[in-house]
Amino acid sequence: MCGIVGLFLKDKSLEPELGSLLSSMLVTMTDRGPDSAGIAIYGSANGNKAKITIQSANPAKDFAGLEQDLRRALDAPVSIEVKSTHAVIALAKDKLDEGRAAIASLRPDVRVMSSGDAIEIYKETGLPKDVVSRFGVASMSGTHGIGHTRMATESAVTTLGAHPFSTGSDQCLVHNGSLSNHNNLRRELVREGMTFETQNDTEVAAAYLTAEMAKGKDLGEALTGALDDLDGFFTFVVGTKSGFGVVRDPIACKPAVMAETDRYVAFGSEYRALVNLPGIEDARIWEPEPATVYFWDHEKAA
């Protein structure tokens, strides 16, 4: 049992409140998963700038001097904002892949949580209220975001095992459920060039979507393919640079509820995650249908 929340903003005036709204939603889901928690925040893209969010078990050691080391390695401007065990590295977009490689070489114990134009992922073990407080999530602004609080059932309680999982640029996924064919699918994806850091089935689902979108599919098309290719019980909420998607397996035994107004689209594992959203009393409320893809994109018509 895990708790999922998601919020896709249509009204730009709500963007300064994204972190606060998502934090409240996630904390409400604490009793569905007290082991670890995480949030992905999507901000507006910043021209030719990109960012890499990293995590360290020993931030005092690993983050010390990293900005200067990366500047020398990349021969380019770099800035770092440290947030507890995480840090956000800002660099030129054309230096993104080179930057990831440099981080792996310079600080082999550091783990990349996310990278891209817009995404930042923060996740750690512990209660949701402590995780969102630790990283100051409530003060963050953005266009959309997703969150997860985990009750571990099939892998260890670790930072890397926490959700969201990100396996592609500006992509992430959270999951409530259990996949039965993830080991076979992992082997297939490895043959296609994907890499994995955990044995978590959710990382396989995220990598599957990344691989499908790399073939030219949009998020909605990739989620439709997941219904045929993934076996098990699952509710997925997925983020891309401009999009937000939801899908449940054909049996749909994992709880889910959605709300939509002219200002936002929201997802919660339970309705109580949504009750404090502005205008919720006038929202269209529904339970997502089994084997049905729901997909919104800031760059496309809803």
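The values are calculated or read from the model by the stated rules, or taken from the named source; none is laboratory data. Nothing here was measured: the structure is a model prediction, and the numbers come from that model. So basically every Cβ, Gly included, is an ideal-geometry build from the backbone, and we count neighbours across all protein chains shown. When the accessible area is computed, the model is the full protein with side chains, heavy atoms only, and any ligands, DNA or RNA have been set aside. Shrake-Rupley method; radii C 1.70, N 1.55, O 1.52, S 1.80 Å.
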Notebook entry, point to check: Which of the residues that make up region 241-264 are closer than 24 Å to residue 278 by Cα and touching a helix residue (DSSP H, G or I) at 6+ places or on another chain (Cβ under 7 Å)?
Noted result: 243, 245, 257, 259, 261, 263, 264
Check: Which of the residues that make up region 73-98 are among the aliphatic types (A, V, I, L, M) and within 19 Å of residue 170 (Cα to Cα)?
Finding: 80, 87, 88, 89, 90, 91, 92, 96
Checklist line | Subset of region 144-185 (residues that are β-branched (Val, Ile, Thr) and touching a helix residue (DSSP H, G or I) at 6+ places or on another chain (Cβ under 7 Å)) | finding: 149, 167
Item checked: Subset of region 104-132 (residues that are closer than 20 Å to residue 4 by Cβ and not β-branched (Val, Ile, Thr)) -> 113, 114, 120, 122, 123, 124, 126, 127, 128, 129, 130
Notebook entry, point to check: helices (runs of 4 or more DSSP H) wholly in region 7-77 with at least 2 residues that are touching a residue at least 40 places away in the same chain (Cβ under 8 Å) - which ones?
Noted result: 18-28
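Restricting the search to region 217-272, which residues are among the charged types (D, E, K, R), open to solvent by 10 Å² or more (accessible area, probe 1.4 Å) and out of contact with any Asp or Glu (no Cβ under 6 Å at 6 or more places or on another chain)? I'd like the intermediate steps shown before the answer.
Step one: filter region 217-272 for residues among the charged types (D, E, K, R), giving 217-218, 221, 228-229, 231, 241, 248-249, 254, 260, 262-263, 270, 272.
Then keep just the ones that are open to solvent by 10 Å² or more (accessible area, probe 1.4 Å); that gives 217-218, 221, 228-229, 231, 241, 254, 260, 262-263, 270, 272.
Once the filter is applied, which keeps residues that are among the charged types (D, E, K, R), open to solvent by 10 Å² or more (accessible area, probe 1.4 Å) and out of contact with any Asp or Glu (no Cβ under 6 Å at 6 or more places or on another chain), region 217-272 yields 217, 218, 221, 228, 229, 231, 254, 260, 262, 270, 272.
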Check: Of the residues in region 159-204, how many are free of Cβ contacts under 8 Å to residues at least 40 places away in the same chain and of a type in the set (S, T, N, Q)?
Finding: 4
Checklist line | Matching residues, region 93-124, being open to solvent by 80 Å² or more (accessible area, probe 1.4 Å) and free of Cβ contacts under 8 Å to residues at least 12 places away in the same chain | finding: 97, 108
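Report the residue count in region 78-107 for those that are in a helix (DSSP H, G or I), touching a helix residue (DSSP H, G or I) at 6+ places or on another chain (Cβ under 8 Å) and closer than 18 Å to residue 56 by Cβ.
Quick first cut of region 78-107, residues in a helix (DSSP H, G or I) only: 93-106.
From the residues that got through so far, the ones that are touching a helix residue (DSSP H, G or I) at 6+ places or on another chain (Cβ under 8 Å) too are 95, 98-99, 102-103, 105-106.
Subsequent filtering for residues that are closer than 18 Å to residue 56 by Cβ retains 99, 102-103, 105-106.
Total satisfying the criteria: 5.
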Checklist line | Restricting region 141-164 to residues that are surrounded by 24 or more Cβ atoms within 10 Å (Cβ to Cβ) and of a type in the set (A, V, I, L, M, F, W, C), the residue that is modelled with the highest pLDDT | finding: 146
